[in-house]
Structures are given as C-alpha cells and as structure tokens.
Amino acid sequence: MLKKQPRKLSLTSRVKAAISSKRVTKSAAKRQAVIKGAVKKRSAAKGSTTKKTVNKNINKIKIVINKGSRKRRKATFKRPVKKFCACKTSTCGCKSAFGATALSAQPVTPFLSQVQYNLESFDLKNEYNTATSTFRPKKTGIYTLIASVGFVANENVENFFSLFIRVNGINRIGDSEDSLLVGSGTIATSGIIRLNAGDEVQVFFGSFIAGRIVPDFDTRFEAARVG
C-alpha cells in the first residue's frame with residue numbers, strides 16, 4: 001500500500017497549531033496578533049539572509065576588481081628592456097656591425113696582399129674605413145668576423161691559396177685551400193674573437209700563382225659585436 005505523504009501546512013496553519021499547543025487564549029484579536037508577529041519575524045529573517053548574500057557577493061566582486069586593478073598597475077609599470085647581449089642594456093654598443101664587398105677586380109701577385117673591400121653595404125657605428133679596408137671597433141667586446149675571396153688564377157694549374165684575418169698585423173683567423181688543375185676558387189674564413197677598442201682588423205690573401213680577386217658577393221668582409 002502507498003503511504004500517504006504528510007500534507008504541507010501553510011504559515012497560518014502552522015501558527016495556529018503553535019498557538020493551540022502553547023494554549024494561548026483563543027480570542028480572535030490575540031490570534032491575529034500572534035500570526036502577524038510570526039509573519040513579520042519570517043519576513044525579517046528572509047530580509048537579513050538576502051542582505052547577507054548580497055553583501056557577500058559585493059565583497060567577492062570588490063576582491064575581483066582589486067585583483068584586476070593590481071594586475072593592471074603591475075602591467076603598467078613593467079618596462080620592456082632591449083636585450084642586445086648579456087648586460088641587457090641598450091648602451092653597451094652591441095649594435096656594432098658592418099658589411100663590405102669588393103667594388104672592382106684586384107690583381108694578386110704570389111705574395112700576401114691586403115684585400116680591398118671598398119664597397120660598404122652598411123656600417124651601424126661608423127667603424128669601417130673603405131679607403132683602407134680596415135675595421136676599427138669603438139668598444140671592447142666579443143666580435144664575430146667573416147671574410148671571403150673569389151679568386152681567378154692566370155694559369156690553369158694546381159694552386160695553393162690562403163686567407164687571413166689580421167688584428168694589428170697579427171694573423172688571428174685563417175684558412176688555406178688547394179685548387180687542383182684550374183688554380184681558381186673561393187676561400188672563406190670566420191671566427192669569434194675578443195677585440196679591444198681601436199684594434200685594426202684587416203684581411204690578407206695569398207696565392208702561389210698570380211691572378212685577380214673578382215668583385216662579386218664571394219668577396220666580402222663582415223663583422224658584428226655579439227657580447
């Protein structure tokens with residue numbers, strides 16, 4: 001058999017039941033007064049609960065707004081730092097760089113001779129002299145250097161040629177190549193070294209056979225500061 005569910009009593013019925021259980025005087029005026037008092041208490045209780053909920057929500061919103069404003073303030077005061085090297089400053093001279101190529105053909109005898117890179121592509125710090133094909137850094141630091149030469153020999157015989165990057169007249173970076181049968185070819189060398197401010201950096205080329213250095217992209221001289 002199905003059980004009967006208890007019937008839900010209204011507020012008035014519950015108040016009347018409470019009045020009868022407490023044996024309050026059953027006059028109509030007093031019963032109405034008790035009912036009105038119970039209704040007011042319930043309304044007041046509901047109102048206080050609602051106010052508490054609203055206050056909690058307002059406090060939560062204030063916390064979220066304050067967090068957002070703090071994040072915005074932090075983001076506003078963050079200033080980007082340009083990282084050119086390990087020192088993380090824009091005044092260390094790390095922008096130093098240049099590039100140059102040969103403008104015209106250069107005759108070569110069977111001895112070491114300085115390569116003329118007299119067509120400047122760029123020079124960020126005005127450190128390269130096209131008249132002397134010399135790179136002179138303004139600041140001490142670590143530099144990467146690259147040099148190459150395209151060579152055409154006067155005779156198609158076996159040849160041996162070399163390329164050196166000199167600092168103050170001393171070979172610091174270099175390479176040597178054999179050219180079989182034709183005697184011509186391209187040679188390149190590169191490295192990373194420490195240079196002092198005012199050092200003179202030049203490129204020298206040598207060949208066993210006379211010929212000429214060709215004015216092409218194969219003949220170039222480049223440098224840049226990396227630290």
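The values are calculated or read from the model by the stated rules, or taken from the named source; none is laboratory data. This structure is a prediction, so every number in the text was calculated from the model and none was measured. Reconstructed Cβ throughout: ideal geometry from the backbone, glycine too, with neighbour counts over all protein chains shown. Note: accessible area is taken over every heavy atom of the protein model, side chains too, but ligands, DNA and RNA are not part of it. Shrake-Rupley method; radii C 1.70, N 1.55, O 1.52, S 1.80 Å.
Points worth noting:
- The set of residues in region 174-191 that are open to solvent by less than 70 Å² (accessible area, probe 1.4 Å) and more than 14 Å from GLY206 (Cα to Cα) contains only GLY191.
- Residues (open to solvent by 30 Å² or more (accessible area, probe 1.4 Å) and either among the aromatic types (Phe, Trp, Tyr) or touching a strand residue (DSSP E or B) at 6+ places or on another chain (Cβ under 6 Å) (or both)) located in region 194-209: ARG194, GLU200, GLN202, PHE204, PHE208
- Scanning region 174-193 for residues that are part of a loop (DSSP other than H, G, I, E, B) and either at pLDDT 95 or above or not aliphatic (A, V, I, L, M) (or both) yields a count of 2.
- Any chance ASN171 is at pLDDT 95 or above and either open to solvent by 60 Å² or more (accessible area, probe 1.4 Å) or over 17 Å from ALA100 (Cβ atoms) (or both): yes
- Note on region 103-126: among residues that are over 17 Å from ASN159 (Cβ atoms) and among the hydroxyl-bearing types (Ser, Thr, Tyr), the one that is most open to solvent (accessible area, probe 1.4 Å) is SER121.
- In region 188-209, the residues that are under 15 Å from ILE170 (Cα atoms) and among the basic types (Lys, Arg) reach residues that are open to solvent by 40 Å² or more (accessible area, probe 1.4 Å) and assigned to a strand (DSSP E or B) with C-beta atoms within less than 6 angstrom, at least six apart or across chains, in these pairs: ARG194/ILE142.
- Filtering region 119-164 to residues that are of a type in the set (S, T, N, Q), out of contact with any Gly (no Cβ under 8 Å at 6 or more places or on another chain) and not in a loop (DSSP other than H, G, I, E, B) leaves ASN129, THR134, SER148.
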